[in-house]
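The values are calculated or read from the model by the stated rules, or taken from the named source; none is laboratory data. Remember, predicted model here, so these are calculated numbers, not experimental data. With ideal geometry, Cβ positions are generated from the backbone for all residues, glycine too; neighbour counts draw on all protein chains shown. For the accessible areas, the whole protein counts, side chains as well, though only heavy atoms, and no ligand, DNA or RNA atoms are used. Shrake-Rupley method; radii C 1.70, N 1.55, O 1.52, S 1.80 Å.
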Amino acid sequence: MDNKNDEITIIDILDLIKRYFKYLLSKWVIICIFGFAGALVGLTASFVVKPQYTAHLSFALIEKNSGGGLADLASSFGFAGMIGNNNGAFSGDNLLEIIKSRYAIEKTLLTPITYKKKEKNLVELYIDVYDLQKEWKKNKKVDLSQIKFPIGQSRNTFTRIQDSILLTISNEIIEKKNLTIARKDKKVSIVNVDFRSINEDFSKIFIEQLMKQTYDFYKETKIAQSKSNIQMMQHTADSIKSLYDAALYKSAGISQININQALQYAAVPRIKHERDAQIYGSVYAEVLKNLETLKLDLARETPLVQVIDTPTYPLKKEKLGKVKGIVIGGFLGALLIVSYLIGTLYYKEIFIKKTT
């Protein structure tokens, strides 16, 4: 084989381009027809495709570390290991993952709202906005048109169909990337959350409820152990107070004091109860002091979310305009037929070359 014959030069490439260009010029009528057809499709799409409304919200997460006194105090009362750094699974960047998790989205969809003077779960507003019942009526296997999500229905009592619908809607929101979360800068704790839908009201309500549900879940998870410790400490304080009150009543019940040596022995139980009352009183005062310390540390540990921007009407609207639809449709139509013509010509040339 002669390698020189296999080499492709710039002249060959230019000659190929000229030949293909002349070929396309000879087919200009067909290209124009397809371009015009594409423009008509684009124009039609500008009327059919519904506009998208984007709700924007930004916030700053302020995480406060609990003081060392909380861990030391818990350790002194036998709660060692219960208090630790809760920043593991629910801190920083992981909060972003919680916002777009299926749990948070489902929780948001099951939030009751009042819309146009009617109370319903947010998931039913989604069904109305996207006219899903119309699509469900076409399903001949299963009748989904009568499926409802009543307010107050326990999540554990959902039917298989309800679970399936909720899962499908959640996946639609996640997979179509209608919900986007991004940190403005790794060095800055400001987070931007955007949600897009075809209904302005739904976009605004959804992003507000999503933020609320996420923060409630995040906060409760962060302080769950601290709240448990406070409850245990409160129980201890209540128990000691009961013992202290009982000792006081018993001491008051033995009130006779007589200088007669024979009766002095009768005063011994009273003295013991008075001593018990003093001990319980001292311990109770210390427990109350420590309980207040735990409550202060809980306040320091509770994370705060400072909302910076909230969605306000009118929301950002993205619509396929007539001119944009015509340009995009015409370009795609022309590109489609040009690709087909070049591909056909190239195939014919290769086929002829092989046969010869």
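Results, tabulated for the structure shown:
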| read-out | value |
| --- | --- |
| Candidates L341, L288, filtered to the one that is assigned to a helix (DSSP H, G or I), modelled with pLDDT under 85, out of contact with any Gly (no Cβ under 7 Å at 6 or more places or on another chain) and on the phi < 0 side of the Ramachandran plot | L288 |
| Residue list for the stretch 154-171, filter: in contact (Cβ under 8 Å) with a residue 40 or more places away in the chain and either open to solvent by 60 Å² or more (accessible area, probe 1.4 Å) or not in a helix (DSSP H, G or I) (or both) | R155, L167 |
| Residues within the stretch 93-131 that are in a helix (DSSP H, G or I), under 29 Å from A182 (Cβ atoms), open to solvent by 30 Å² or more (accessible area, probe 1.4 Å) and not basic (K, R), tallied | 3 |
| Some residue of the stretch 29-37 being within 25 Å of I207 (Cα to Cα), modelled with pLDDT of 65 or more and open to solvent by less than 60 Å² (accessible area, probe 1.4 Å) | no |
| Evaluation of I259 against (1) in a helix (DSSP H, G or I); (2) at pLDDT below 80 (one fails), failing number | (1) |
| Hey, A45 modelled with pLDDT under 85 and either loosely packed, with under 10 Cβ neighbours inside 10 Å or assigned to a helix (DSSP H, G or I) (or both) or not | yes |
| Residue match in the stretch 307-318 (condition: at pLDDT 70 or above, surrounded by 14 or more Cβ atoms within 10 Å (Cβ to Cβ) and over 30 Å from Y218 (Cβ atoms)) | no |
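For every residue, the table says whether it meets (1) of a type outside the set (S, T, N, Q); (2) at pLDDT 90 or above.
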| residue | (1), (2) |
| --- | --- |
| N139 | no, no |
| G152 | yes, no |
| I169 | yes, yes |
| N178 | no, no |
| V188 | yes, no |
| D194 | yes, yes |
| I198 | yes, yes |
| I207 | yes, yes |
| A224 | yes, no |
